[in-house]
Amino acid sequence: MSKLKVAVAVSGGGSNLQALIDACSNPDFPAEIVTVLANRPQAYGLERARQAGIPTVLIDHTEFDDRESFDAELDKALRATGADLICLAGFMRILTDDFVRGWEGRMINIHPSLLPKHRGLHTHQRAIEAGDAYHGCTVHYVCPELDAGPLIIQAKVPVEPGDTPDSLAARVLTREHVIYPQALQWIAEGRVEITGDTALVDGQPGPVILDWDA
Ligand code: GRF
């Protein structure tokens with residue numbers, strides 16, 4: 001069986017990348033990471049890739065005059081890898097509409113909130129300030145609108161009394177590491193299809209929701 005070829009894009013620590021690397025290290029997993037791409041030379045994700053023997057590409061966004069030229073280079077590099085799917089894993093760049101449209105249906109992201117709640121940054125602080133009883137994370141297809149796009153899977157975590165943004169982020173991150181490989185597996189197995197604004201998982205409208213107590 002041929003595996004789905006995946007490029008993972010990171011900007012920072014890459015703990016989600018590590019979860020994907022670990023999943024792909026199982027010979028039975030239906031996807032393989034062909035490249036790890038970063039936009040920052042210090043991204044620790046690059047080191048994780050090297051340790052796993054995965055080819056890396058660095059495209060430093062500070063060397064480009066505008067988003068369009070950076071995204072054009074990104075697109076060229078990603079197409080050269082032969083990747084079927086891009087996984088954004090803490091890739092902290094706003095992407096141009098043209099770039100996103102070129103990969104629509106073939107690019108997913110992990111976001112630390114229960115979308116459509118708390119798009120954008122500082123999600124943990126905003127969940128606490130809003131008095132949310134639950135917070136969590138989402139894997140979704142990427143569309144031109146920021147942190148929108150068909151939702152595949154979410155994990156809910158409780159917001160505990162006395163939580164700080166850091167303590168809540170740490171609880172959410174443990175679940176990110178579960179749902180990102182899960183989403184990738186389903187896609188690689190051909191179990192996810194997009195219809196309009198909705199992702200169907202095994203024919204059922206997403207997102208699949210993983211409860212904290214499950
Ligand atoms: C994660 O919280 C992810 O949801 C967000 O950026 C963070 C990246 O963490 N998009 P890491 O680099 O995977 O450790």
Over the chain, what relative contact order in percent results from Cα pairs under 8 Å that are six or more residues apart?
19 percent
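Quick one: if the Förster radius is 41 Å, what FRET efficiency do residue 191 and residue 129 give, using the C-beta to C-beta distance and rounding to 0.05?
0.65
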How large, in Å, is the chain by the Kirkwood hydrodynamic radius built from its alpha-carbon pairs?
17.5 Å
Could you give the alpha-carbon Rg of the range 1-103 over 2.2 N^0.38 Å, rounded to two decimals?
1.03
Folded to 0 to 90 degrees: helix 165-188 orientation relative to the chain principal axis, Cα
60 degrees
Would you mind checking the range 1-25 for residues with the amide N under 13 Å from a putative spin-label position 7 Å along Cα→C-beta of residue 42?
12-13
The chain, Gaussian network, Cα under 10 Å: of 105, 12, 131, the residue fluctuating most is 131
Compute the angle between helix 67-80 and the longest alpha-carbon principal axis of the chain, please, reported from 0 to 90 degrees and rounded to the nearest 10.
70 degrees
Mean-position separation - Cα centroids, the range 149-173 and the range 10-31, in angstrom:
20 Å
Say the dipole of the chain comes from +1 at the beta carbon of Lys and Arg and -1 at that of Asp and Glu; which of 72, 42, 200 then lies farthest toward its positive end?
42
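Report the local net charge at residue 113: Lys and Arg +1, Asp and Glu -1, summed over other residues whose C-beta lies under 10 Å from its C-beta.
Numbers: positive: 117, 119, 126; negative: 132, 147.
So the environment of residue 113 carries a net charge of +1.
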On the protein heavy atoms, probe 1.4 angstrom, tell me the percent of accessible surface of the chain carried by carbon and sulfur.
50 percent
In a Gaussian network model over the chain where Cα atoms closer than 10 Å are linked, find which of 62, 96, 198 has the largest mean-square fluctuation.
62
Kirkwood Rh and Cα-based Rg: tell me the resulting Rg over Rh for the range 73-121, rounded to two decimals.
0.99
Relative to the present Cα-Cα distance, how much length would full extension add between residue 56 and residue 75 at 0.36 nm per residue of separation?
5.4 nm
What are the residues whose amide H is under 5 Å from the amide H of residue 11, where those residues sit 5 or more places off or on another chain and H is modelled from the backbone?
91, 92
Once you list every other residue whose beta carbon is under 9 Å from the beta carbon of residue 99, what net charge do they have if Lys and Arg are +1 and Asp and Glu are -1?
-3
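The values are calculated or read from the model by the stated rules, or taken from the named source; none is laboratory data. No experiment lies behind these values; they were computed from the predicted model shown. Neighbour counts run over all protein chains shown; Cβ positions are idealised from the backbone, glycine included. Note: areas computed on protein heavy atoms with side chains; ligands, DNA, RNA excluded. Shrake-Rupley method; radii C 1.70, N 1.55, O 1.52, S 1.80 Å.
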